[in-house]
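The values are calculated or read from the model by the stated rules, or taken from the named source; none is laboratory data. These numbers come from a predicted model, not from an experiment. Using ideal geometry, Cβ is built from the backbone for each residue, glycine included, and neighbour counts are taken over all protein chains shown.
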Amino acid sequence: MKHLLAIDQGTTSTRAIVFDPDGNKLGVAQRELPQSFPKPGWIEHDAQHIWDDTVACVQGAMADAGLAADEIAALGITNQRETAVLWDRKTGKPVCPAICWQDRRTSAFCQQHQDRNDWINEKTGLLLDPYFSATKLAWMLDHTEGARERAERGELAFGTVDAWLMWNLSGGQLHVTDATNASRTALFNIVTHDWDDELLDFFKVPRSLLPEVRDSAADYGQTEPELFGGPIRIGGIAGDQQAATIGQACFEPGMSKSTYGTGCFLVLNTGREFKRSKNRLLSTIAYRLNGETTYALEGSIFVAGAAVQWLRDAMHLIRAAGETEKLAQSIPDNDGVYLVPAFTGLGAPYWDPEARGAIFGLTRDSGIAHIVRAALESVGYQTRDLLDAMAKDALAPTELRVDGGMVVNDWLSQSLADLLQLPVVRPVTVETTALGAAFLAGLTVGVYASLDDIASRWQSETRFEPKMDPARANQLLVGWRDAVARVRCN
């Protein structure tokens, strides 16, 4: 019994995938997740909807693979990070909408307390920004009727999406998270490896709200038998970008991966050392196994694939994401057109929540192809910003392993190699986020003997070597950074 099941709960969809030990997909089910935008800068999810979709997707993936619960060795969970869920311990129901990681409603609080940035960074490796869970939770407690009083009485529970799913999978028996998700809350001290009392006091968060923190590969109990026709062991949890790092087998210091989904997240393994960034990157936990922590530097870009969604759903310039490759190829260059997709502010290394998106360089000859190409190129420029910062902080990787829905686009993958001036490697299995969760679960139950065993199963599909002249790449980068400077507010 070596089949592994992964729950991959993302920002815009929920998926479940059944893998064999070599990472081959045996069954999959997916549902799109609606998002709510009640006010400018606000983005919310329905946590109950997330749970209902998760159950349906797991059932669908098992049916697609033709497997029953007793044929699944273990289940792993990976999830959109930082998204905050607050629920009633007795009823198990959310007490308010979940606040998405992209939400910017707490920008004013963060700007007001920027003098605490270094203090927070020393403890968490993060910055004081609306991106992280702490300010979202504080807002929920202050703006949901009776929530703060109920939290003080121990009646409520908080968690990132993984903890919410674990609560439901276990029938309300387990309120747990893993170290990678805890490290994204701005409440967890990644040096002492515990919820930090000083941070809890600063954000006014009662400790009783918080889940127990476990290793990324650990015994998380089992699912309620009635959910999937029998109990399934739960053996792993990791936030989506950490799960992708594991799925890409980036287990040695200096190895890096970049995931291109709704946003873009570049993670560089820095080993057992907590290395604070001096260039406005994040220090985070890559994974914790057997009580030993491996750290990473991370660059977070808020909008990558979301820019393509914007082209399709808001601007109606394309009907499907797959059209972007042909449009980008239809013109020889960007003709000076740049799109800065700061729809929810700018992430690393700028951290400007008030910046807004813009298109620059339009002329009478500019058309849909130029705007589409500029949207795709913005992904490469933002990645280059992150790699340049990482090189200053730690070391420059010799290659970049990429994954996520965007990199099935060959033009985009080659553009990345050209703009980064670095080989870009696409694996056979691009669903590395889900695969990483499956790897963790398999590690717990003995499907895999070690990280080396997992690494031996990683396979490259295509390697994209830089073809662009370095001088031309730098010239394009100058134009990009000029465009970014024009939208920045701080």
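So here's what we get for this one:
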{"quantity": "Qualifying positions in segment 399-414 - surrounded by fewer than 23 Cβ atoms within 10 Å (Cβ to Cβ) and of a type outside the set (A, V, I, L, M)", "calculated": "399, 405, 409, 410, 411, 413, 414"}
{"quantity": "Matching residues, segment 402-418, being farther than 18 Å from residue 436 by Cβ and not in a helix (DSSP H, G or I)", "calculated": "409"}
{"quantity": "Among the residues listed as 295, 287, the single one being assigned to a strand (DSSP E or B) and out of contact with any Phe, Trp or Tyr (no Cβ under 8 Å at 6 or more places or on another chain)", "calculated": "287"}
{"quantity": "Segment 339-384, residues that are more than 18 Å from the chain's Cα centre (by Cα) and closer than 17 Å to residue 267 by Cβ", "calculated": "384"}
{"quantity": "Per-region count, segment 149-193, residues closer than 17 Å to residue 206 by Cα and over 22 Å from the mean Cα position of the chain (by Cα)", "calculated": "9"}
{"quantity": "Flag for residue 179 being without any contact (Cβ under 8 Å) to a residue 12 or more places away in the chain and small (Gly, Ala, Ser)", "calculated": "no"}
{"quantity": "Residue match in segment 198-216 (condition: touching a residue at least 24 places away in the same chain (Cβ under 8 Å), among the aromatic types (Phe, Trp, Tyr) and closer than 26 Å to residue 65 by Cα)", "calculated": "no"}
{"quantity": "Residue list for segment 376-388, restricted to those being more than 21 Å from residue 324 (Cβ to Cβ) and either at pLDDT below 90 or surrounded by 24 or more Cβ atoms within 10 Å (Cβ to Cβ) (or both)", "calculated": "386"}
{"quantity": "Of all residues making up segment 203-240, the number that are among the β-branched types (Val, Ile, Thr) and in a loop (DSSP other than H, G, I, E, B)", "calculated": "3"}
{"quantity": "Residue match in segment 440-454 (condition: under 20 Å from the mean Cα position of the chain (by Cα) and at pLDDT 95 or above)", "calculated": "yes"}
{"quantity": "Qualifying positions in segment 363-401 - in contact with a helix residue (DSSP H, G or I) (Cβ under 8 Å, 6 or more places away or on another chain) and in a loop (DSSP other than H, G, I, E, B)", "calculated": "396, 397"}
{"quantity": "Residue in segment 14-23 that is surrounded by fewer than 21 Cβ atoms within 10 Å (Cβ to Cβ), in contact with a helix residue (DSSP H, G or I) (Cβ under 8 Å, 6 or more places away or on another chain) and at negative phi present", "calculated": "yes"}
{"quantity": "Any pair with Cβ under 6 angstrom, 6 or more apart, that starts in segment 326-352 at a residue that is assigned by TED's automatic domain parsing to the domain that holds residue 375 and ends at one that is aromatic (Phe, Trp, Tyr) and at pLDDT 90 or above", "calculated": "328/411; 329/411; 338/360; 338/480"}
{"quantity": "Of all residues making up segment 186-202, the number that are assigned to a helix (DSSP H, G or I) and crowded, with 20+ Cβ neighbours inside 10 Å", "calculated": "1"}
{"quantity": "Test: residue in segment 231-246 that is in contact with an Asp or Glu (Cβ under 6 Å, 6 or more places away or on another chain), aliphatic (A, V, I, L, M), in contact (Cβ under 8 Å) with a residue 24 or more places away in the chain and farther than 29 Å from residue 56 by Cβ", "calculated": "no"}
{"quantity": "Near pairs, Cβ below 8 angstrom, 6+ apart or cross-chain, from segment 32-55 (in contact (Cβ under 8 Å) with a residue 12 or more places away in the chain) to any residue that is crowded, with 19+ Cβ neighbours inside 10 Å and basic (Lys, Arg)", "calculated": "39/105; 41/104; 41/105; 42/104; 42/105"}
{"quantity": "Subset of segment 36-64 that is modelled with pLDDT of 90 or more and in a loop (DSSP other than H, G, I, E, B) - its residue that is nearest to the chain's Cα centre (by Cα)", "calculated": "43"}
{"quantity": "Search result, residues across segment 249-258 that are part of a strand (DSSP E or B) and farther than 21 Å from residue 22 by Cα", "calculated": "256, 258"}
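Per-residue answers, yes or no, for (1) crowded, with 21+ Cβ neighbours inside 10 Å; (2) touching a Leu at 6+ places or on another chain (Cβ under 7 Å); (3) at pLDDT 95 or above; (4) more than 30 Å from residue 15 (Cα to Cα):
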residue: 112; (1), (2), (3), (4): no, no, no, yes
residue: 121; (1), (2), (3), (4): no, yes, no, yes
residue: 130; (1), (2), (3), (4): yes, no, no, no
residue: 175; (1), (2), (3), (4): no, no, yes, no
residue: 181; (1), (2), (3), (4): yes, no, yes, no
